[in-house]
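Read the figures in this text as sums done on the coordinates, not as results from a lab. Quick caveat: nothing in here was measured; it's all calculated off a predicted structure. Cβ placement follows ideal geometry from the backbone for every residue including glycine, while neighbour counts extend to all protein chains displayed.
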Amino acid sequence: MLRRLDLRPVGPHAPVLTYGHSDGCSITGGFVYRGERMAALRGHYFYSDYCGGWVRSFRHDGGVTDERDWGIGDLGSIQSFGEDAAGELYLLSKNGHVYRLVSR
């Protein structure tokens, strides 16, 4: 059985989280963590800022909760995030390296 999907735009949505220009210049959107290696972080949305170089996350359960700054600041400008088939997250830095997110 086939079902037709309604793909019409649903209109603009307000941001769920904002930060000031003193924290960075350009958000680098990431992924919701769905991996197995760090089960306590499942559901966290990871993101960064190109100029700030930091990595942060939060959960969204009807509102922003459990905000975290991961203290990762020596990777350079984060250009992108990636996700493998197991739901593990990767970060691509302008310094030419790819980093996998792991627990300490």
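In summary, ALA39 fulfils each of the numbered conditions (1) under 16 Å from SER103 (Cα atoms); (2) touching a residue at least 12 places away in the same chain (Cβ under 8 Å) with the single exception of condition (2). Selection of region 30-78 for residues being surrounded by 17 or more Cβ atoms within 10 Å (Cβ to Cβ) and of a type in the set (A, V, I, L, M, F, W, C) yields PHE31, LEU41, PHE46, TRP54, VAL55, PHE58, LEU75, ILE78. Applying the condition of being out of contact with any Asp or Glu (no Cβ under 8 Å at 6 or more places or on another chain) and part of a helix (DSSP H, G or I) to region 15-47 and asking which residue is nearest to PHE81 (Cα to Cα) yields LEU41. Applying the criterion of being aliphatic (A, V, I, L, M) and more than 14 Å from the chain's Cα centre (by Cα) to the residues of region 79-98, the residue that is surrounded by the fewest Cβ atoms within 10 Å (Cβ to Cβ) is ALA85.
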